[in-house]
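Heads up, the thing below is written out as structure tokens.
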């Protein structure tokens, strides 16, 4: 089930003035029957520009792999070209009315990093603030069926990246993706959600509120026109965009068959860095990330591991003055410090804390309450507690 995205009041529709000819020509090529992104890129590479394609001779078109007589005949037919351009103009106007913009590779706002990948999108349908595309970006991806550990790590890594001025990119899916977007928003930074459907289609429906927030404080982006449903085959295709707009890709949790490993492979193919967060060795959700580490992915203990590896000097110079790793950002009593030393980032039950700390149960409950109020621990269902990442040893 999918839902339609309504436009936030603070997002104003772009001007309905006539779109530029390059944009219409790029879109027109997409609207010829049987033509997709790969063939459009091949044609433009051969003839230099969409206008060059539309003015090519039949024998020149037929020499291009994937072009048959039927398609060549349509491209040289003025009536077919006019129909395709008219549809392109209607598409641009429809997007403007829905508070969206359409970017093509000739547009100054089309991300340069995306132009460098093997099969860049011919069009980007954008809802939100396209200036988000100018920021240094890092992708965070992982399992839809994430563990509580994976969700928390994704949220907190994204929050800290946003605080450092980095734009967090992900795929708006359940689990790791959703937590990454939410964490980036909590950190005060923009976030980019790359969709496998039209930017007016909310999928999954449970992310309706998150879609509104990302559209208002970041950017929703897709290579698919408005109204396109979230068909399964579109999600692997969009992964090349997630990695393509980013300096590096962080995989938080992934099984051996996870689509996140596709994103990691695409990132490597694009010459981008790949990072992996280690997990429990007895968790199937960690097998994919551990395989990446065995294959040479950079291990992530904290945000600085990402920023330093990517050499984001400008970002590091402007980062928040947070407490260094291993230091507690608030003052704790000695008994609180001792109990905190018995906790890890994995959940621990009350009985285990009583055993490890040597304190009785009432004292443990009282100390946990104080630690929770200070933001040092988080309570989970079943009277279990875990240490927050910023309070790691």
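Is it the case that some residue within the range 357-368 is modelled with pLDDT of 85 or more and within 14 Å of residue 148 (Cβ to Cβ)? Give the derivation first.
Quick first cut of the range 357-368, residues modelled with pLDDT of 85 or more only: 357-368.
When the remaining residues are screened for being within 14 Å of residue 148 (Cβ to Cβ), the result is none.
Scanning the range 357-368 turns up no residue that is modelled with pLDDT of 85 or more and within 14 Å of residue 148 (Cβ to Cβ).
Answer with yes or no whether residue 385 is at pLDDT 85 or above and part of a loop (DSSP other than H, G, I, E, B). First the steps, then the outcome.
Numbers: at pLDDT 85 or above: yes; part of a loop (DSSP other than H, G, I, E, B): no.
Spelling it out, it is not the case that residue 385 is at pLDDT 85 or above and part of a loop (DSSP other than H, G, I, E, B).
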ask   = If you go through the range 110-133, how many residues are under 16 Å from residue 24 (Cα atoms), within 18 Å of the chain's Cα centre (by Cα) and in a loop (DSSP other than H, G, I, E, B)?
value = 3
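Just to be sure, is residue 103 outside the structural domain of residue 33 (by TED's automatic domain parsing) and either surrounded by fewer than 16 Cβ atoms within 10 Å (Cβ to Cβ) or over 17 Å from the mean Cα position of the chain (by Cα) (or both)? Please lay out each step first, then the result.
Working: outside the structural domain of residue 33 (by TED's automatic domain parsing): yes; either surrounded by fewer than 16 Cβ atoms within 10 Å (Cβ to Cβ) or over 17 Å from the mean Cα position of the chain (by Cα) (or both): yes.
Considered against the rule, which asks whether it is outside the structural domain of residue 33 (by TED's automatic domain parsing) and either surrounded by fewer than 16 Cβ atoms within 10 Å (Cβ to Cβ) or over 17 Å from the mean Cα position of the chain (by Cα) (or both), residue 103 comes out as yes.
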Hits in the range 45-64 - residues which are in contact (Cβ under 8 Å) with a residue 24 or more places away in the chain and within 30 Å of the chain's Cα centre (by Cα) = 49, 50
ask   = Quick one: would you say residue 161 is in contact (Cβ under 8 Å) with a residue 12 or more places away in the chain and assigned by TED's automatic domain parsing to the domain that holds residue 264?
value = yes
query = Given the structure, is residue 189 assigned to a loop (DSSP other than H, G, I, E, B) and touching a helix residue (DSSP H, G or I) at 6+ places or on another chain (Cβ under 9 Å)?
reply = yes
key: Subset of the range 367-382 [in contact with a helix residue (DSSP H, G or I) (Cβ under 9 Å, 6 or more places away or on another chain), assigned to a helix (DSSP H, G or I) and more than 15 Å from residue 347 (Cβ to Cβ)]   = 367, 370
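Can you find a residue that is farther than 22 Å from residue 92 by Cβ and touching a helix residue (DSSP H, G or I) at 6+ places or on another chain (Cβ under 6 Å) anywhere in the range 226-236?
The initial filter retains those residues of the range 226-236 that are farther than 22 Å from residue 92 by Cβ, namely 230-233, 235-236.
This time we only want the ones that are touching a helix residue (DSSP H, G or I) at 6+ places or on another chain (Cβ under 6 Å), so: 236.
Within the range 226-236, one or more residues are farther than 22 Å from residue 92 by Cβ and touching a helix residue (DSSP H, G or I) at 6+ places or on another chain (Cβ under 6 Å).
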inquiry  = With the requirement that a residue be buried (at least 23 other Cβ atoms within 10 Å of the Cβ) and over 17 Å from residue 207 (Cα atoms), what does the range 141-161 give you?
reply    = 150, 153, 157, 158, 159, 160, 161
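The values are calculated or read from the model by the stated rules, or taken from the named source; none is laboratory data. None of these values were measured; they are calculated from a predicted model. Counting neighbours? That spans all protein chains shown, and the Cβs are built from the backbone with ideal geometry, glycine included.
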